[in-house]
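Participant: I have a structure here, written as C-alpha cells, and I will follow up with some questions on it.
Rule-based calculations on the coordinates, nothing more; no lab input. Please read all numbers here as calculations on a predicted model, not as lab measurements. Ideal geometry is used to build each Cβ from the backbone, glycine not excepted, and the neighbour counts take in all protein chains shown.
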Amino acid sequence: MNLAAHAGDVEFDIGQILLLLFVVVVAARLLGLAFERLRLPSVVGEIVAGIVIGNTLLFEVLHVEANFIFLELLAELGVIFLLFAVGLETRFSDLSRVGRTAIYVAILGVIIPFASGYLIMTSLASPPPEAMFIGAALVATSVGITARVIRDLRLTDTTEAKVIIGAAVIDDILGLIVLAVVSGAAGGGGFDIISVIIVAALALSFVVAIILISTKVLPLTIKPHPADAIVCSAEPKRSKVGPLSLAIIVCFGLSALASIFGLAAIIGAFLAGMVFAEYKERWPCEESFESINELMTPFFFVFVGIQVSLAAFADLGLLLFALGITVVAILTKYLGCGLGAKSLGRRSASIIGIGMSPRGEVGIIVASIGLSVGVLTESLFSVVVFMSIATTLIAPPLLVRAFQRKEAIGVESNEPR
C-alpha cells in the first residue's frame, strides 16, 4: 500500500522517506567511522556520503529531489542542535578570563580573513553580497578539530592551547555577528551602509542581551542548592521539567527569537547552548543531548554533500579558484592569528595561527546559509565546501609538526653544551 502525507502542494511518500532515511543514516555512519579509522574527522565522511548520494544514481533511486524539503528540514534541525552543542562547551564567564593575547588573536583572525575574502571577490567583479559571504566563510574557525589534536598530544595545559581555546570563544561570537550582519543584509535585499549598521546593531544587541540575562539576571533567580541539582533521567514519575527538555525548549525558543529579529537561527541556538554551559552543574544535559546530536547532526553534513556538484569541478578554472581560496583561507588565519600572538614568540605564534585555520563545519554552515538565501551560486557553494574540508584535513598534521618542532628545539636548547 502506498501511504502519502500531504502538506499543501507538497506530497511526501512515506516509503520513499523511510528508504532515504535508512540510506542516509547508514552511509553517514559507515563513512564517518571509516574516516575516523584514518584519523580524520568523521564529519568529512558524512559529507562524502552526501556527495556520493548527490552525484550518483542514488539521487534518482532515493527520490532525493522529491523529498528535498523534508531532507532540508532535518538538516536545519541538525545544524541547530550542532550549534547548541558547540555553545554547551563555551561559558560566557570564560570571556573575562581569556587574556589580552587571545583577544588580539580573535580580532585579527576575523578582520584579516574577512577583508581578504571581500577584496578578492570584489576584484573579480563579484557583487557585494556574494563577496561578503565569502569573507564570512573565511572568518569561520572550527576549533573542535584543533582541540582534538591538542588532546591527542596531551598538550591541553600549554600556553598555546589555552590561547587557541580562549580565542575560539571570542572568534565564535565575532564570527556569528559577522554572519548575522551578512545574512541579515542579504535578507533585506541590500548592502548599503545603513542596512549593515542596523543589522550589526541588532545582532550586537541580541548577543549582549542574552549575555546579560545569563550572567546577571539568571543568577538572581536561581538559588544555589547543589544537593537538589536536577539529574537527567528517563523516569516518567518526575513532574518537573528535566534539564534535557528545558535545554530543547530554550534552544528552539532562542532560535525562533533570532529568526524573528532577522538573524540566523543558529545564532540563537549557539547562545542557548552558552546559557546552559554557564549552569551545567545545576542543569546537566550534555550526556542526554549528545544522543540527539549524534542522530541529527549528520543529516546536515549529508545534505551539504548532496548539494556539492562534482561536475562543477570539471571546470579547471573553478578547481584552481577553489585551491586559491583554500590557500588564502590558511594564510589569512595563520598571519592574522599569528600576528595577534606575536608576543608569545615566533614558534608559539605559528602554532596558534595553524590551530585557528580549520574551517570545518562552521565554514560549511556559512556557505549553506549563503546558498539558502540565494546569495551564493552552487559553484561558489562547492568552492567553500572544498575549502572547509581541505583546511580541516591540512591543519591537523601541520599542527602536530609545529608542536613537535617547538618541543624538539626546546629540548635541544636545554642540552648541556
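Participant: With contacts defined as alpha carbon pairs under 8 Å and 6 or more residues apart, what's the relative contact order of the range 260-382 in percent? List each step's numbers first, then the result.
Facilitator: Numbers: 57 pairs, mean separation 26.9, N = 123.
Value for the range 260-382: 22 percent.
Participant: In debye, nearest 20: dipole of the range 277-341 around its Cα centre with unit charges on the Cβ of K, R (+) and D, E (-)? Kindly include the intermediate steps, with their values, before the conclusion.
Facilitator: On the way: 3 positive and 7 negative charges, 65 e Å.
The calculation lands at about 300 debye.
Participant: Shifting gears a bit: Tell me which of Gly338, Pro298, Ile325 sits at the most positive position along the dipole axis of the range 263-369, charges placed on C-beta atoms (Lys, Arg +1; Asp, Glu -1).
Facilitator: Gly338
Participant: Along the positive direction of the dipole of the range 310-400 (beta-carbon charges: Lys, Arg +1; Asp, Glu -1; about the Cα centre), which of Ala311, Met356, Val375 reaches farthest?
Facilitator: In the range 310-400, that residue is Met356.
Participant: Right, another one. Sorting check: for 347-360, 328-341, which peptide has the highest mean count of neighbouring beta carbons within 10 Å, and how do the rest follow? If you can, show how the numbers build up before the last one.
Facilitator: Details: 347-360: 26.7, 328-341: 23.7.
Ranked by mean Cβ neighbours within 10 Å, highest first: 347-360, 328-341.
Participant: Hey, any idea what Rg/Rh is for the range 21-87, computing Rh the Kirkwood way over Cα pairs?
Facilitator: On the way: Rg = 12.9 Å, Rh = 12.8 Å.
Using Cα coordinates only, the ratio equals 1.01.
Participant: Now for a separate question. Taking the Cα centre as origin and putting +1 on Lys and Arg beta-carbons and -1 on Asp and Glu beta-carbons, what dipole magnitude results for the range 280-402, to the nearest 20 debye?
Facilitator: On the way: 8 positive and 8 negative charges, 155 e Å.
Roughly 740 debye, rounded to the nearest 20.
Participant: Based only on Cα atoms, what Rg/Rh ratio does the range 260-315 have, Rh being taken as Kirkwood's radius? It would help to have the intermediate numbers written out before the result.
Facilitator: Numbers: Rg = 16.7 Å, Rh = 14.3 Å.
Expressed as Rg/Rh, it is 1.17.
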